[in-house]
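The values are calculated or read from the model by the stated rules, or taken from the named source; none is laboratory data. Since we're looking at a predicted model, the values are computed, not measured. So basically every Cβ, Gly included, is an ideal-geometry build from the backbone, and we count neighbours across all protein chains shown.
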Amino acid sequence: MKVFDIHTHFFPDKIAADAIRHLEANSIHDKYAMSACFDGTRDGLIAHMKKCGITASLNLPVATSPEQIPGINLFAAKSNMFPVYSFGSIHPDCEDKRGALLQIKELGLKGIKMHPEYQQFSFDDERVQEIYEVCEELELIILFHCGFDCSFPQPFRSNPYDLSKVLNSFPKLKVIGGHFGGLDMWDDVENYLIGRDVYLEISFLLGHYPNEKVKEMLIKHDSDKLLFGSDAPWADPKETLDRFLKLNLSQTLRDKILWNNAVKLLGIDC
């Protein structure tokens, strides 16, 4: 059984320990509080993947300031190889958004991760409209953090309804809704995203919403636009995978979610 985890994180070796400590200490909500399952390095992720039965993963870096963009993207490009691939990153306050996104494309990275809380933007923020336009033009994927975040106060900036408006305005944009389009906002996900032209990955869904409802939403959504994700190191991929397999989905749907959809979307042959 091949498994592609589309939502993971690692850091450069020299800052990984400090990054993990900082993020673990930064939770202001007990719910979904961060606790790492590996050391935050690429080698640590690969070792943990082997224990969990994960074949390949995607790293999702987030630039919290424009100055971080060049370094993050060069590091991502050097790390972008089996078994752990990587997206790039951009920031809403970047002055040359087109140039930064062109560099991401030229580096061979297939998309970017954007986080409305850490990067302080809402889906309809004027600062991010050009990012959507250029990503649509360059066929770069955007994976958004969506919904609850344990490190930030409510109300959260990334809700399913506002994401649905992005889909309306940019119909050719390839979007992945992290945390199934809205962590802890499952009713709104069902109302505004299920059945839409958007990829949804399952990190922090299983175990936090009844299995019957999870299965119902998975079956209602386009089977080609469902992805397996864990959010490692903040959730254990093995635990997510075990819960997923207990849903007893058809073999065809299970294979699409665990592997086929991700490698097709990313254009990876592995």
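Of the residues D222, D236, only one is within 19 Å of A33 (Cβ to Cβ) and of a type outside the set (A, V, I, L, M, F, W, C); which?
Working: D222 fails: within 19 Å of A33 (Cβ to Cβ).
Being within 19 Å of A33 (Cβ to Cβ) and of a type outside the set (A, V, I, L, M, F, W, C) holds for just one of D222, D236, which is D236.
Need the failing condition index for E212 against (1) surrounded by 18 or more Cβ atoms within 10 Å (Cβ to Cβ); (2) acidic (D, E); (3) closer than 23 Å to L241 by Cβ, just the number.
Of the numbered conditions (1) surrounded by 18 or more Cβ atoms within 10 Å (Cβ to Cβ); (2) acidic (D, E); (3) closer than 23 Å to L241 by Cβ, the odd one out for E212 is (1).
Pairs, please: C-beta under 6 Å, at least 6 apart or cross-chain, first residue under 14 Å from L167 (Cα atoms) and touching a residue at least 60 places away in the same chain (Cβ under 8 Å) and in segment 129-150, second among the basic types (K, R) and surrounded by 24 or more Cβ atoms within 10 Å (Cβ to Cβ)?
What qualifies is L143/K113.
Name the residue that is surrounded by the fewest Cβ atoms within 10 Å (Cβ to Cβ), counting only residues in segment 182-203 that are under 10 Å from the mean Cα position of the chain (by Cα) and among the hydrophobic types (A, V, I, L, M, F, W, C).
I202
Before we move on, is F75 over 21 Å from I202 (Cβ atoms) and out of contact with any helix residue (DSSP H, G or I) (no Cβ under 8 Å at 6 or more places or on another chain)?
For F75, the condition - over 21 Å from I202 (Cβ atoms) and out of contact with any helix residue (DSSP H, G or I) (no Cβ under 8 Å at 6 or more places or on another chain) - is met.
For L265, are the conditions met, namely being touching a residue at least 24 places away in the same chain (Cβ under 8 Å) and either touching a Leu at 6+ places or on another chain (Cβ under 7 Å) or surrounded by 19 or more Cβ atoms within 10 Å (Cβ to Cβ) (or both)? Talk me through it step by step, then tell me what you get.
Details: touching a residue at least 24 places away in the same chain (Cβ under 8 Å): yes; either touching a Leu at 6+ places or on another chain (Cβ under 7 Å) or surrounded by 19 or more Cβ atoms within 10 Å (Cβ to Cβ) (or both): yes.
Yes.
If you go through segment 65-121 one residue at a time, how many are surrounded by 14 or more Cβ atoms within 10 Å (Cβ to Cβ) and either hydroxyl-bearing (S, T, Y) or assigned to a helix (DSSP H, G or I) (or both)? Give the steps one after another, and end with the answer.
We begin by selecting, within segment 65-121, every residue surrounded by 14 or more Cβ atoms within 10 Å (Cβ to Cβ); these are 66, 68-69, 72-73, 75-77, 79-80, 83-94, 97-98, 100-105, 107, 109-121.
Narrowing the set further to residues that are either hydroxyl-bearing (S, T, Y) or assigned to a helix (DSSP H, G or I) (or both) leaves 66, 68-69, 72-73, 75-77, 79, 85-86, 89, 97-98, 100-105, 118.
Final tally of qualifying residues: 21.
Which of the residues belonging to segment 122-181 are buried (at least 17 other Cβ atoms within 10 Å of the Cβ), at pLDDT 95 or above and of a type in the set (K, R)?
The one that is buried (at least 17 other Cβ atoms within 10 Å of the Cβ), at pLDDT 95 or above and of a type in the set (K, R): K174.
Could we say that D197 is of a type in the set (D, E) and part of a helix (DSSP H, G or I) here? Give the derivation first.
On the way: of a type in the set (D, E): yes; part of a helix (DSSP H, G or I): no.
So D197 does not fit the description; no.
Do we have any residue at all in segment 174-187 that's without any contact (Cβ under 8 Å) to a residue 12 or more places away in the chain, over 27 Å from V134 (Cα atoms) and assigned to a helix (DSSP H, G or I)? Walk me through it before giving the result.
Going through segment 174-187, the residues without any contact (Cβ under 8 Å) to a residue 12 or more places away in the chain turn out to be 187.
Within this subset, residues satisfying the condition of being over 27 Å from V134 (Cα atoms) are 187.
If we keep only those that are assigned to a helix (DSSP H, G or I) too, we end up with 187.
Checked segment 174-187: at least one residue is without any contact (Cβ under 8 Å) to a residue 12 or more places away in the chain, over 27 Å from V134 (Cα atoms) and assigned to a helix (DSSP H, G or I).
Could you please let me know if T8 is farther than 23 Å from L205 by Cα and either acidic (D, E) or in contact with a Pro (Cβ under 9 Å, 6 or more places away or on another chain) (or both)? Please lay out each step first, then the result.
Working: farther than 23 Å from L205 by Cα: no; either acidic (D, E) or in contact with a Pro (Cβ under 9 Å, 6 or more places away or on another chain) (or both): yes.
Considered against the rule, which asks whether it is farther than 23 Å from L205 by Cα and either acidic (D, E) or in contact with a Pro (Cβ under 9 Å, 6 or more places away or on another chain) (or both), T8 comes out as no.
Being on the phi < 0 side of the Ramachandran plot and acidic (D, E): is that true of D149 here? I'd like the intermediate steps shown before the answer.
Values: on the phi < 0 side of the Ramachandran plot: yes; acidic (D, E): yes.
Answer is yes for this residue.
Evaluate the following for L109: is it touching a strand residue (DSSP E or B) at 6+ places or on another chain (Cβ under 6 Å) and touching a residue at least 60 places away in the same chain (Cβ under 8 Å)? Break it down into steps so the answer makes sense when it comes.
Values: touching a strand residue (DSSP E or B) at 6+ places or on another chain (Cβ under 6 Å): yes; touching a residue at least 60 places away in the same chain (Cβ under 8 Å): no.
No: the conditions fail for L109.
Give the residue that is farthest from the chain's Cα centre (by Cα), with candidates limited to residues of segment 13-32 that are at pLDDT 90 or above and under 17 Å from P153 (Cβ atoms).
Going through segment 13-32, the residues at pLDDT 90 or above turn out to be 13-25.
Remaining after also requiring under 17 Å from P153 (Cβ atoms): 23, 25.
Numbers: L23: 17, A25: 22 Å.
Restricting to residues being at pLDDT 90 or above and under 17 Å from P153 (Cβ atoms), the top hit is A25.
Do you know which residues across segment 1-32 are part of a loop (DSSP other than H, G, I, E, B) and either surrounded by 14 or more Cβ atoms within 10 Å (Cβ to Cβ) or of a type in the set (S, T, Y) (or both)? Give the steps one after another, and end with the answer.
As a first pass, look at segment 1-32 and keep what is part of a loop (DSSP other than H, G, I, E, B): 1-3, 9-12, 26-32.
Result: K2, V3, H9, F10, F11, P12, S27, Y32.
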